[in-house]
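Asks: The structure that follows is given in the form of structure tokens.
The values are calculated or read from the model by the stated rules, or taken from the named source; none is laboratory data. Predicted model, so just to flag it, every value in this text is computed and none were measured. For neighbour counting, all protein chains shown are included, and Cβ atoms are generated from backbone atoms with ideal geometry for every residue, glycine included.
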């Protein structure tokens with residue numbers, strides 16, 4: 001059994017996942033047992049909301065075919081990849097935290113063993129305001145996205161964080177989840193020694 005854990009943070013685009021992850025990342029910056037994944041994305045690197053590794057479509061496909069991703073998926077016209085090194089990080093005892101697609105929860109559980117899925121939820125009106133403020137999509141794209149969005153938590157989620165208020169509230173909740181997972185891992189190691 002893996003001695004680390006994988007925490008998948010899922011939710012609709014604009015729900016505030018990256019802001020919450022950045023809040024938690026600042027909190028755990030000194031931790032040697034918690035790491036936050038930089039995803040590979042076929043999007044230019046100018047996007048200030050997420051610290052990612054920009055790659056071309058061809059480079060992404062080459063990396064994917066060469067098994068350099070632990071997980072990969074396609075959504076909203078972009079490709080996303082979680083580095084293969086995260087598997088060894090979890091095996092070596094690290095809690096790995098990543099922004100993941102809800103469609104990848106089951107596969108993440110298979111890949112990492114101990115996996116917790118955290119859904120970031122947001123009301124439709126709050127989401128509309130955030131998407132408009134972000135300026136990445138046109139008004140028509142926003143309306144299309146909202147019309148097809150399912151606001152219920154995805155199947156396989158362990159914890160739901162409501163992000164309709166101040167960032168600090170949702171950020172503290174994610175920090176609590178990360179700390180709880182660390183305590184859970186320690187308990188599992190103690191049980192394995194008995």
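Asks: Restricting the range 163-187 to residues that are at pLDDT below 80 and touching a strand residue (DSSP E or B) at 6+ places or on another chain (Cβ under 9 Å), which is nearest to residue 34 (Cα to Cα)?
Replies: Per the criteria, the residue is 182.
Asks: Scan the range 107-121 and give yes if some residue there is in contact with a strand residue (DSSP E or B) (Cβ under 6 Å, 6 or more places away or on another chain), surrounded by 21 or more Cβ atoms within 10 Å (Cβ to Cβ) and outside any strand (DSSP E or B), otherwise no.
Replies: The answer is yes, given that some residue of the range 107-121 is in contact with a strand residue (DSSP E or B) (Cβ under 6 Å, 6 or more places away or on another chain), surrounded by 21 or more Cβ atoms within 10 Å (Cβ to Cβ) and outside any strand (DSSP E or B).
Asks: Kindly check whether there is at least one residue in the range 54-67 that is in contact with a strand residue (DSSP E or B) (Cβ under 8 Å, 6 or more places away or on another chain) and assigned to a strand (DSSP E or B).
Replies: Within the range 54-67, one or more residues are in contact with a strand residue (DSSP E or B) (Cβ under 8 Å, 6 or more places away or on another chain) and assigned to a strand (DSSP E or B).
Asks: Just for the range 1-30: of the residues that are assigned to a loop (DSSP other than H, G, I, E, B) and modelled with pLDDT of 95 or more, which one is surrounded by the fewest Cβ atoms within 10 Å (Cβ to Cβ)?
Replies: Looking at residues that are assigned to a loop (DSSP other than H, G, I, E, B) and modelled with pLDDT of 95 or more, I get 30.
Asks: In the list 101, 92, which residue meets the criterion of being surrounded by 17 or more Cβ atoms within 10 Å (Cβ to Cβ), in contact (Cβ under 8 Å) with a residue 60 or more places away in the chain and under 27 Å from residue 40 (Cβ atoms)?
Replies: 101
Results for (1) at pLDDT 95 or above; (2) under 23 Å from residue 131 (Cβ atoms), shown as yes or no for each residue.
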{"site": "52", "(1), (2)": "no, yes"}
{"site": "57", "(1), (2)": "yes, no"}
{"site": "62", "(1), (2)": "yes, no"}
{"site": "67", "(1), (2)": "yes, no"}
{"site": "95", "(1), (2)": "yes, no"}
{"site": "100", "(1), (2)": "yes, yes"}
{"site": "116", "(1), (2)": "yes, no"}
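Asks: Within the range 136-158, is there a residue that is within 17 Å of the chain's Cα centre (by Cα), closer than 21 Å to residue 25 by Cα and in a strand (DSSP E or B)?
Replies: No; the residues of the range 136-158 include none that is within 17 Å of the chain's Cα centre (by Cα), closer than 21 Å to residue 25 by Cα and in a strand (DSSP E or B).
Asks: Name the single residue that is surrounded by the most Cβ atoms within 10 Å (Cβ to Cβ) among those in the range 66-80 being within 16 Å of the chain's Cα centre (by Cα) and over 18 Å from residue 13 (Cβ atoms).
Replies: Among residues in the range 66-80 that are within 16 Å of the chain's Cα centre (by Cα) and over 18 Å from residue 13 (Cβ atoms), the one surrounded by the most Cβ atoms within 10 Å (Cβ to Cβ) is 70.
Asks: Restricting to the range 86-106, and then to whatever is touching a strand residue (DSSP E or B) at 6+ places or on another chain (Cβ under 8 Å) and part of a helix (DSSP H, G or I), can you tell me which residue is nearest to residue 156 (Cα to Cα)?
Replies: 105
Asks: Out of all the residues in the range 138-175, which are in contact (Cβ under 8 Å) with a residue 40 or more places away in the chain and closer than 13 Å to residue 128 by Cβ?
Replies: 145, 149, 151, 164
Asks: Could you pull out the residue among 51, 123, 64, 59 that is within 23 Å of residue 175 (Cα to Cα) and out of contact with any helix residue (DSSP H, G or I) (no Cβ under 9 Å at 6 or more places or on another chain)?
Replies: 123
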